Amino acid sequence: MGFEKFLFYLFALITLWAAGMVVSRRNPVHAVLFLVLAFVSSAALWILMEAEFLGIVLILVYVGAVMVLFLFVVMMLDVDIAALRAGFIDYLPLGLLIAGIMAIEIFLIVGPANFGLHAFPAPAPAGTDLNNTRELGLLLYTVYVYPVEIASVILLVAIIAAIRLTLRRRPDNKYVDPARQVRVKKGPDRIRLVKMASETPVPVVAPALEKESDE
Amino acid sequence: MPFDAANLVPILPEIAILITASVVLIVDLYLKDQDKGLNHSLSLIGLVIAIALTGAVGGGERQIFFDGNLVRDGISDLLKGAILVVSILAFIYARPWLKDRGMLVGEFYVLGLFAVLGMLVMVSANSFLTLYLGLELQALSLYALVAFDRDSKKGAEAAMKYFVLGALGSGLLLYGISMIYGATGSIELGPVAQAVAAQGIANKVLVFGIVFLVIGIGFKFGAVPFHMWVPDIYEGAPTPAVLFLGSAPKIAAFALAIRMLVEGLPSLHADWQGMLIILAVLSMGLGNLVAIAQTNIKRMLAYSAIGHAGFIFLGLLAGSQQGYAAAMFYAIVYAVMSAGAFGILLILSRKGFDAENLEDLKGLNDRDSWYAAMMTLVMFSMAGVPPTVGFMAKLLVLESVVRIDLVWLALVAVAFSIIGAFYYLRVIKFIYFDRPAPDAPILVTSGGVRIAMTANGLALLALGLFPAALLSLCQAAFAVQ
């Protein structure tokens, strides 16, 4: 039990420290990297709680996909961090005061008085033959099938909303449509041979007159 | 366990809306620009089918489906019907505005229908998880609708504010739910209520959780002191989006409060009653006082929405069957009034012009006397002037407060509603006693809009004269429990 406890406090401290750094870093790329650290250490906390599947998913989905995308966005967009930080110091004392009061209140409620070991004794560790993923899957697709369906609709709405807000069709751009390229037939589509009478050279007349006739 | 197809029967209205949204999404791909009106027809057909299905599967005993995630009872039947009817009105009013601005595209209907779907899920939720997911579905669609006019800077700013504050509200709500789960070990409303009753009153964790639940509910209602987003979003968002988020979502927010507080935590009534009293008094006060100073009619209606939220809380905090029925009556009536008011603003708008200021209503009577009469009915109803239904709604919530011996609260409410009457009557003064601006053209509207607005305005009058029809439905919804 001793080593597990040590690991818990270690990862909990790393999570808190990393979360603090996310808010206080000047460089947005550093902030994102600290967020990755916070995710990894909270994944470790989940694994300590025997929620292996969730821990792995957190790393695969959030760290592996979402945060990498986020990093790209932060590096691509030149975020004016100075403007965002204006007033950070001004609001800091009031913010710290409120945050401090809230933290104490939350500790009094969530702390050992109400959620201590006497109220919630630690469950016996599950054996190695318990399959976390299987149990979760069974529960999700039986008891929670209705919420899962709603969540899928929420994802659909997110896709539609993102596309609506960003996709613009500009009539003047000169992009190449691969579908039309592929559809070109070998024969008449590529080269068209036109029969025409051979040109006979026209004797050159006065240039001013020719210009007029052109118009 | 085996899946029983009979489980799908109570969610037939939701399924109808989901199918309609998906069909619109796909059909829209193949429509030419001039045929986009088909989306509108399809959406309306879907909503009408959903209303019919709500009626068909509704009625009878309270039943629970999907392992306690879904409930079908009198409350869900009535609120679903009300949400669908108000949404039909909203779609009809929005169409000409969208058409004038080249925004009559499928996405508006898809997002609107998904918002409706989220509200339907909320009103028939029987667990905190389903409630939260329904709320997120509705909120996400509404964020996108607020940002729908991509080229408008004000719209983007409003959407950003709405998104950030809405996410904050959802986060607080979720934190409260996690507390409730920690104290009771369940997220299903029935078992939570039993666990709370078994543990007795003195559980600090539960009260702590309720604080966050009430904050979340306050955010969604736009009640003071969680109202900061309301005026800015009403002003900045395109008017059809405001019409959407200012009408039916109030009904859904009412359902959120009823499911969480009344069904989930009934034995802690004394705790949340105190919090709701504070929210109610502040909302009625600030909403009605600040509305007087507004020159922008959308901002004025935003503060009026804050004031009305306070009145809905009056019925909720009474904690009696009669009070809940009164609050339900008020929420439904408010949604209809709000749809009417924003509908008139959409009618007054035309290509390149948005009716936003009180001055834009000047001389409406000379421009179109029928719409002037309808707007007058809406304003009288919002002010609570008999014989319109707004009077009945206010009377019922006040009665429920007086019945629990909170006479001072009723007096405060009456005082603020008299103050509020000023700015509603000022709108009527603009309509009837001022000349229209010289460049104001004659109002041109389609027959559908005129029929919808007529039905909307006359419904306020008819319900005011014969409130028993809707009221008995509201009372029946709560009497069963």
Calculate, for A:V182 and A:R25, the FRET efficiency according to 1/(1 + (r/R0)^6) with r their C-beta to C-beta distance and R0 45 Å; round to the nearest 0.05.
0.40
Shielding by partners - mean other protein chain Cβ count within 10 Å, residues of B:172-182
1
With eigenvalues of the C-alpha gyration tensor scaled by 5 and rooted, region A:92-137, Å:
37, 17, 7
Could you list the GluC sites (Glu not before Pro) in region A:1-90 that lie in coil according to DSSP, counting only those with at most 11 other Cβ atoms within 10 Å of their Cβ?
none
So how far, in whole Å, is the C-alpha centre of region B:160-218 from the one of region B:225-254?
24 Å
For chain B, what's the relative contact order in percent, using C-alpha pairs closer than 8 Å and at least 6 residues apart?
15 percent
Cα-based convex hull, region B:108-254, per residue volume (Å³, whole number):
90 Å³
Pop a pseudo-label 7 angstrom from the Cα along the beta-carbon direction at both B:A293 and B:L29 and give the gap in nm to one decimal.
5.2 nm
How large is the Rg to Rh ratio of chain A when both quantities use alpha carbon positions and Rh follows Kirkwood?
1.29
P(r) histogram, all alpha-carbon pairs of region B:112-178 included - 5 Å bins from 0, percent:
4, 19, 22, 22, 17, 9, 5, 2, 0
For chain A, which span is the longest to avoid every loop-located (per DSSP) member of trypsin sites (Lys or Arg not before Pro) having at most 14 other Cβ atoms inside 10 Å?
A:27-167
With an 8 Å Cα cut-off and a minimum separation of 6 or more residues, compute the relative contact order for region A:1-65 in percent.
29 percent
Here, trypsin sites (Lys or Arg not before Pro) of region B:274-375 satisfying both criteria (DSSP loop; at most 10 other Cβ within 10 Å) are B:K351
Gyration tensor on Cα atoms of chain B, a ≥ b ≥ c root eigenvalues, a/c under 1.5 rounded, else prolate if a/b beats b/c, else oblate, says oblate
Per residue solvent-accessible surface (Å²) - region A:3-130, probe of 1.4 Å:
73 Å²
Among B:313-323, B:240-250, how do they line up by average Cβ neighbours within 10 Å per residue, starting with the highest?
B:240-250, B:313-323
With a point put 7 Å past each Cα toward its Cβ, work out how far B:F433 is from A:F107 in nm, to one decimal.
6.2 nm
Residue pairs, from the table B:K36/B:K298; A:K174/B:K298; A:K174/B:K161; B:K36/B:K80; B:K204/B:K298; B:K80/B:K351, whose Cα atoms sit over 32 Å apart
A:K174/B:K298; A:K174/B:K161; B:K204/B:K298; B:K80/B:K351
Residues along region B:63-84 losing 40 Å² or more of accessible surface when the other protein chains are present rather than the chain by itself (probe 1.4 Å):
B:F66, B:D67, B:N69
Please work out the FRET efficiency for the pair A:D172 and A:F115, using the Cβ-Cβ distance as r and a Förster radius of 56 Å; give the result to the nearest 0.05.
0.35
In Å², rounded to the nearest 100, what is the total accessible surface buried by chains A and B against each other with a 1.4 Å probe?
2800 Å²
Percent of Cα-Cα pairs per 5 Å bin, from 0 to the last occupied bin, for region B:143-184, please list those.
5, 25, 17, 14, 11, 10, 8, 6, 3, 1
Reciprocal mean inverse distance between Cα atoms of region A:1-103 - Kirkwood radius, Å:
15.4 Å
Low-density loop cleavage sites - trypsin sites (Lys or Arg not before Pro) in region B:1-66, where at most 16 other Cβ are within 10 Å (DSSP):
B:K32, B:R62
In chain A the accessible area split gives carbon plus sulfur, as whole percent at 1.4 Å, a share of 70 percent
Over the Cα atoms of the protein assembly as shown, what is the Rg over Rh ratio if Rh follows Kirkwood?
1.04
Rounded tilt (10° steps) of B:204-221 against the dominant C-alpha axis of chain B:
10 degrees
Once neighbouring chains are kept in place and the probe is 1.4 Å, which whole percent of the accessible area of region B:5-479 is contributed by carbon and sulfur?
68 percent
If a/c stays under 1.5 just call it rounded; otherwise compare a/b with b/c (prolate if a/b is bigger, oblate if not). Do that for region B:284-397, with a ≥ b ≥ c from the square roots of the Cα gyration tensor eigenvalues.
prolate
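The values are calculated or read from the model by the stated rules, or taken from the named source; none is laboratory data. Computed from a predicted model, the values in this text were never measured in an experiment. Virtual Cβ from ideal backbone geometry, glycine too; neighbours counted across all protein chains shown. For the accessible areas, the whole protein counts, side chains as well, though only heavy atoms, and no ligand, DNA or RNA atoms are used. Shrake-Rupley method; radii C 1.70, N 1.55, O 1.52, S 1.80 Å.
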